[in-house]
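Colleague: Dumping the structure here so I can ask a few things about it.
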Amino acid sequence: MLDEATNSLDPETEELITRYLARLNPELTIVMVSHRQSALKYCDVFYRLEQGRLLQDDFVRMHLQTANL
């Protein structure tokens, strides 16, 4: 569980860490909480909390694809 793990990092260090996490075993589940879009670009599935419910969010994936992060 990574909760804002890259929040205080410079962009280059954040990229190194997120790229490393992306190369880990594909069967490994990593839960990452972040408000920075750049930290989410290697994520496979996105969720959001809405009124106390956890909902899958495909909008984030589409937005990141069009932003070319």
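Colleague: Against the conditions (1) among the polar types (S, T, N, Q); (2) out of contact with any helix residue (DSSP H, G or I) (no Cβ under 9 Å at 6 or more places or on another chain); (3) modelled with pLDDT of 85 or more, where does residue 65 fall short? Just the number, please.
Modeller: Of the numbered conditions (1) among the polar types (S, T, N, Q); (2) out of contact with any helix residue (DSSP H, G or I) (no Cβ under 9 Å at 6 or more places or on another chain); (3) modelled with pLDDT of 85 or more, the odd one out for residue 65 is (3).
Colleague: Report the residue count in the range 17-56 for those that are assigned to a helix (DSSP H, G or I), open to solvent by less than 50 Å² (accessible area, probe 1.4 Å) and either of a type in the set (Phe, Trp, Tyr) or at pLDDT below 85 (or both).
Modeller: 3
Colleague: Being within 14 Å of residue 3 (Cβ to Cβ) and touching a residue at least 24 places away in the same chain (Cβ under 8 Å) is the filter here, so list the residues in the range 18-63 that pass it.
Modeller: Selection gives 30, 31, 32, 33, 34, 35, 36, 39, 40.
Colleague: Quick one: would you say residue 14 is at positive phi and surrounded by 11 or more Cβ atoms within 10 Å (Cβ to Cβ)?
Modeller: No; evaluated as a whole, the condition is false for this residue.
The values are calculated or read from the model by the stated rules, or taken from the named source; none is laboratory data. Values in this document were obtained by computation on a predicted structure and should not be read as measured data. Using ideal geometry, Cβ is built from the backbone for each residue, glycine included, and neighbour counts are taken over all protein chains shown. Each accessible area value is taken on the protein alone, full model and side chains, heavy atoms only, with ligands, DNA and RNA left out. Shrake-Rupley method; radii C 1.70, N 1.55, O 1.52, S 1.80 Å.
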